[in-house]
Amino acid sequence: MIQFDSDRRLFSISTDGSSYVFGLNDKGVLQHLYWGDPVAAADCAPLLGSRLHSSFDAALDREAEEFAYWGGLSYMEPCLKVRWYDGVRDLRMAYASHRIERADDGKETLTIVLRDEAYPLEAHLVYAVRPGHDLIERHVEIVNAGDRDVVLESAQSAAWSMPELRDYRLTHVTGKWAGEFQLRGAALTEGKKVLESRRGFTDGHANPWFAIDDGAATEEAGRVWFGALGWSGNWKIVLENTAFGRVRVTGGINDFDSEWTLGPGERFETPSFVGGYAAGGFGAMSRALHRYQYEHVSPGKELRKVLYNSWEATYFDVNAKDQMALAERAAKVGAELFVVDDGWFGQRHHDRAGLGDWIVNADKFPNGLEELIDRVRGLGMAFGIWVEPEAVNPDSELYRSHPDWVYHFPTRPRTELRNQLVLDLSNPAVKSYIVDFMSRLLGEHDISFVKWDMNRTITEPGMRDHPLNRQKELWIRHVRSLYEIWAELRRRFPGVAFETCAGGGSRIDLGMLRYADQAWPSDNTDAFDRLGIQEGFSYAYAPKLMTCWVTEAVSGMNKRITSLKYRFHSAMTGTLGIGANLNEWSEEQLAEAARLVAQYKAIRPLVQGGRQYRLAALKHKGVDAVQYVGVGESGEESVLFAFLHAQKLGDGLPRLCLLGLDPDKRYEIEGGAFDCAKNEEPESEGAKGEGAEIEGARGKGNDGAKDVRSGRALMRIGVELPLRGDFDSLMYRVRELRS
Ligand code: GLA
């Protein structure tokens, strides 16, 4: 997959669906040449060579540098910028050597060593490819081979050069609390567009991935170049379009307020930045990222459990009796994991106190946590618990004993957000305290799931016990320490699954997902809002990693009323959970929920491991649809979820063409058994009245009868969508017919 052509001085990385070629030109610049559909590397040779426009633009080839060190005639976003002990701030990195290695699993790695001409500094550029993936994993290791310190002012993971396109459209997400993962498209004209976090965690305002196309790519077709960065602290992705039409995307740890002093013999490793090329549109891009996460990022390979979480049911008013009642009902509807959220510890009766005191509250649990855990286990469920180990309320025993354990500047007030401060994870004592209390919690109780939350950004970034000239290391030290804590806990407790949460979806990225089995994308559980959030999530992250809850009929967010079926269908497109107050649900509602949970379990392997197709053809009609395809016991299987926002003028919907099936296979569609008819819902649940049935719209599926069609027909003629009224939904199960 990786080759070096020594005659032409060309490096090439070939995957099944892509070629990535760069070379060393006559000036010694490591010049990017090609990224796209497969080509022969030798055919890229004519592209290699230094270029100039005028004495003011004397090194155009450096606009396409693989690793843009800051020095000489380089004016684009640098990948490496340093400050030497003698005040010099200039680099001249020249190619020194390279090596290509092959691991037993077929993974190939190319390491190119660049060395400064005068100072003892090396940059090891690492490119890795895995069989069957059109992705390149890149990172850089900076090595101080001398005997004096060098300060790294910026050390980025990779720069991705784009090919020449007619236009450049950037696709990314933006968001806010309860509104994460909102998709955006922006034309990249000359200049810079920066996506970043400066808040200490990944952040819900932006997420570290990007996609670029020529403006014409769709879900199903078109060329897309993309990348996702694995860093859970301050990050930056800079998209730059030069006056000469070169587009380069540089990303890594944010250099804002950041520095790292590299001592003699030390090595600094940047986070991984994965890049890819997809010829089949945004859908192909997402499927490539999902499969990569399933196979090489996510720690847990097993199916994720249907969970119940008590947060929206009880908030801080947690007690053994109510939780046990909730557990009875959660088990009844088919939950496999019962998670107690915030409020079980210390004096945590509200968000103003108790955070940091990880001791079971004896008033709330007079017989200890064990009583609840035993009941949950007795009901056949696993038990999970919420923690927020990185933060502390000033009103807590922990803070009263260790007021200096938080990030702060001695001369400044300590800003409180949600009445809390952030613990200084760079302090070894704090780190051990977290590992110790978590180990006690997980060691003393039968806990198999941890929801790890982080509900505030970092302010006053001062580390009391750290040298003054190294204070800007905080942003990196916090994240590294966090990763080390998670790695240690996973090592000590291999049977425990972890969920990453940060006031909703503020810490979801490929770095965190190496440790977290699943992620909480948003505190917004409105089933309709969630469709958009979940779609944005799915551009970069896999459905199995996305926890979705069914909550109350009237959403707390928008006061929108949706049916139980709609809420379930929305949540069934990821890892299903329930977060409503089941103690207030009627027997009918519980029975319907149980039916829907059972349906989810039947299609779960497809949702949690199959290929995902976002069906965008009827978006203009207000239809969101998503389909999953995989192989089941009886052959190829698929499941379709479709959602109608608002019917207008009594119009029916056009058919919806499916994707990803084999045109020559015959499939059986089940709509009836899997589509709870509207009249089965309790009247109070629905926002819809009974209207005239659209002729033939529900098709045969509605009465449970089987309907057989070819893959070709399903993909070219499509399926009927008997969706009506406001916030209607359906689920079709499609299975290969073998006889
Ligand atoms: C955050 C999380 C919620 C919940 C609360 C508890 O907001 O995102 O899901 O756990 O904290 O305080």
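Read-outs throughout are calculated quantities, based only on the coordinates presented, and are distinct from any laboratory measurement. Computed from a predicted structure; not experimentally measured. Cβ sites come from the backbone with ideal geometry, for glycine too, and all protein chains shown count toward neighbours.
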### Query
Say the dipole of the chain comes from +1 at the beta carbon of Lys and Arg and -1 at that of Asp and Glu; which of TRP475, PHE409, ASN25 then lies farthest toward its positive end?
ASN25
## Note on the structure
For the table LYS301/LYS544; LYS621/LYS648; LYS332/LYS601; LYS176/LYS301, the rows whose alpha-carbon distance is greater than 21 Å are LYS176/LYS301
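What value does region 466-518 have for Rg/Rh, both radii from Cα atoms and Rh as Kirkwood defines it? List each step's numbers first, then the result.
Numbers: Rg = 13.3 Å, Rh = 12.5 Å.
Computed over Cα atoms, the ratio is 1.07.
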### Query
What list of ³J(HN,Hα) values in whole Hz, one per residue of region 18-34 in order, does the Karplus curve 6.51 cos²θ - 1.76 cosθ + 1.60 (θ = phi - 60°) give from phi, with Gly and Pro shown as x?
7, 10, 9, 10, 8, x, 9, 8, 4, 9, x, 7, 7, 9, 6, 10, 7
#### Entry: Relative intensity, log₁₀ I(q)/I(0), of region 99-196 from a Debye sum that treats every alpha carbon as a point, q = 0.11, 0.18 Å⁻¹
-0.59, -1.05
### Query
What is the distance, in nm, between label points placed 7 Å from the Cα along the Cα-to-Cβ direction at GLU153 and at ALA40?
4.6
#### Entry: Hydrodynamic radius by Kirkwood, which averages 1/r over all alpha carbon pairs of region 358-451, in angstrom
15.2
### Task
Calculate one ³J(HN,Hα) per residue across region 565-573 by plugging θ = phi - 60° into the Karplus curve 6.51 cos²θ - 1.76 cosθ + 1.60, and present them in order as whole Hz with x for glycine and proline.
4, 4, 5, 5, 4, 4, 7, 6, 7
### Query
Can you list the equivalent-ellipsoid semi-axes of region 191-265, largest first and in whole Å, using the square root of 5 times each Cα gyration tensor eigenvalue?
27, 16, 12
### Query
Extent of region 2-297 along each principal axis, from alpha carbon coordinates, in Å, largest to smallest?
52, 48, 48
### Summary
The correct pair for region 1-67, radius of gyration to one decimal and Dmax as a whole number, both in Å and from Cα atoms, is 12.3, 42
### Query
Which is farthest toward the positive dipole end of region 2-297 among TYR294, ALA243, LEU183, measuring Cα position about the Cα centre, with Cβ charges +1 (Lys, Arg) and -1 (Asp, Glu)?
LEU183
### Task
Please give the length that would be gained between ASN583 and TYR294 if that part of the chain were fully extended, namely 0.36 nm times their separation in residues minus their C-alpha to C-alpha distance (nm, one decimal).
100.5 nm
#### Entry: Along each principal axis, Cα extent of region 188-342, largest first, Å
68, 48, 30
### Query
How high is the relative contact order of the chain, in percent, with contacts defined as C-alpha pairs under 8 Å that are six or more residues apart?
10
### Task
Would you mind giving the average projected area, over all directions, of the Cα convex hull of region 289-410 in nm² with one decimal?
10.4
#### Entry: Calculated diffusion of region 307-608, Stokes-Einstein form, Kirkwood radius summed over Cα pairs, 37 °C and 0.692 mPa s, µm²/s
164
### Query
Given the convex hull over the Cα atoms of region 82-131, what projected area results after averaging over all orientations, in nm²?
4.1
### Query
Measuring from label point to label point, each 7 Å out along Cα→Cβ, what is the GLU484 to SER97 span in nm?
3.0
#### Entry: Separation of the THR415 and HIS466 label points, Cα + 7 Å toward Cβ, nm
1.7
### Query
Calculated from DSSP H runs of 4 or more alone, at -39500 (n - 2.57) each and per residue, what is the 222 nm mean residue ellipticity of the chain, nearest 500?
-5500 deg cm²/dmol
### Query
At a Förster distance of 60 Å, what's the computed FRET efficiency of SER432 paired with ARG655, Cβ-Cβ distance as r, to 0.05?
0.50
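With +1 on each Lys and Arg Cβ and -1 on each Asp and Glu Cβ, and nothing else charged, work out how big the dipole of the chain is about its Cα centre, in Debye to the nearest 20.
Values: 89 positive and 109 negative charges, 151 e Å.
With only Lys, Arg, Asp and Glu charged at Cβ, the dipole is about 720 debye.
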### Query
Taking 1 over the mean of 1/r across every pair of different Cα atoms in the chain, what Kirkwood radius in Å do you get?
27.4
## Note on the structure
Hydrodynamic radius by Kirkwood for region 377-532, inverse mean 1/r across distinct Cα pairs, in Å, is 16.8
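Computed FRET efficiency, Cβ-Cβ of TYR315 and GLU371, R0 22 Å: what is it to the nearest 0.05? Please report the intermediate quantities before stating the final value.
Working: r = 21 Å, r/R0 = 0.96.
So the FRET efficiency works out to roughly 0.55.
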### Task
Could you work out, for region 130-261, what percent of all Cα-Cα pairs fall into each 5 Å distance bin, beginning at 0 Å and stopping at the bin that holds the largest distance?
2, 9, 18, 20, 19, 15, 9, 4, 2, 1, 0
### Task
Name the residue farthest towards the positive end of the dipole of region 462-610 from the options TYR541, GLY574, GLN589, assuming +1 on Cβ of Lys and Arg, -1 on Cβ of Asp and Glu, about the Cα centre.
TYR541
#### Entry: Mean Cβ neighbour count within 10 Å, used as a protection proxy, ranking 365-375, 727-737, 65-75 highest first
727-737, 65-75, 365-375
